[in-house]
1. Of T185, G171, V159, which is farthest along the charge dipole of region 8-235 in the positive direction, counting Lys and Arg as +1 and Asp and Glu as -1 at C-beta?
2. Helix 196-205 against the longest principal axis of the chain: what's the angle in degrees, Cα atoms only, rounded to the nearest 10?
3. Once label points are set 7 Å from the Cα along Cα→Cβ at both R78 and D41, what is their separation, rounded to one decimal in nm?
4. For Cα pairs less than 8 Å apart in space and 6+ apart in sequence, what is the mean separation divided by the residue count of region 148-252, i.e. the relative contact order in percent?
5. Magnitude of the Cβ-charge dipole of region 8-235, K/R +1 and D/E -1, about the Cα centre, nearest 20 debye?
6. Rank these for me by crowding, T190, T62, going from fewest to most other beta carbons within 10 Å.
7. Give me the dipole magnitude in Debye, nearest 20, for region 157-252 about the Cα centre, with unit charges on the beta carbon: positive for Lys and Arg, negative for Asp and Glu.
8. Give the order of R128, R54 when sorted by the count of other beta carbons within 10 angstrom, beginning with the fewest.
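What follows draws every value from the coordinates through simple rules; no lab data is involved. Remember, it's a predicted structure, so these values are computed and weren't measured experimentally. All Cβ positions, glycine included, derive from the backbone under ideal geometry; neighbour counts span all protein chains shown.
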Amino acid sequence: MPRFSGKTVIVTGAASGIGLATARQFSGEGANLVAVDLEADELKQALGDLPPERTVLHPADTSSQDAAVAAVEAAVNRFRGVDVLINNAGIIRSGDVEATSEEDFAAVLAVNVGGYFHMAKAAMPELRKTRGAIVMTSSVSGIGGDWGMLAYNTSKGAVTNMVRAMAMDAGEHGVRVNAVNPTFTNTGMTEDSQDEETLAKFMERIPMKRIGQPEDIAKVMLFLASDEAGFVTGVNLPVDGGLSASNGQPPQ
């Protein structure tokens with residue numbers, strides 16, 4: 001029996017990267033899937049081949065509270081409940097405090113933090129009924145800082161502690177809340193940074209000598225959402241090829 005047969009899973013940011021890999025993994029494990037993304041055409045192109053009886057493609061901007069509520073309602077109306085929420089939609093803007101515009105800072109927080117809050121708030125009443133799970137995409141940038149990534153680091157630091165706070169509040173209702181914290185992963189978001197020099201720098205720091213693939217992250221998300229992780233909550237789990245095992249000193 002597939003692990004998620006008969007269960008309903010909402011995945012945000014499902015049209016590409018980690019979200020796409022995760023949506024496909026859940027569908028392959030028998031889940032009813034509600035795939036949410038801002039880009040309607042990309043969503044249809046990426047996931048239009050999935051079983052229609054188990055799939056809802058729902059274009060939405062999760063930084064809007066009303067859009068988040070509508071996404072959860074779409075799941076309930078079609079599949080009568082929600083068992084898993086994957087909070088994954090995100091954006092990135094680079095720059096230090098002086099170079100980061102007010103607009104970019106607000107946009108990153110609206111999507112990366114506000115969107116996760118809106119979706120979790122909308123889904124929580126349904127998750128309490130099913131004693132379900134939330135898994136969020138944080139980052140190694142939510143554990144430690146980067147140069148020139150103020151807005152993104154701020155947002156992922158917030159997600160890391162949101163997971164802990166939400167897990168403490170929701171635990172008595174049987175709802176588990178965890179996050180994955182990937183390092184540099186082969187997605188559209190990092191496409192422009194995958195030059196030879198940048199990749200060489202990451203190879204120097206990552207013990208497994210490769211960057212992450214979306215499927216690496218997706219498989220861990222499925223574990224955290226599954227019954228196998230039934231006593232795991234409030235965890236920010238690095239999925240980083242050993243990057244966070246380092247104390248920060250360079251190779252010698």
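1. Going by the charge dipole, the pick is G171.
2. 80 degrees
3. For the pair R78/D41, the computed spacing is 2.2 nm.
4. Numbers: 115 pairs, mean separation 38.8, N = 105.
Relative contact order here is 37 percent.
5. Values: 18 positive and 30 negative charges, 202 e Å.
Taking the Cα centre of region 8-235 as origin, the dipole is about 980 debye.
6. T190, T62
7. With Lys and Arg at +1 and Asp and Glu at -1, about 280 debye.
8. Placing the least packed residue first, the sequence is R128, R54.
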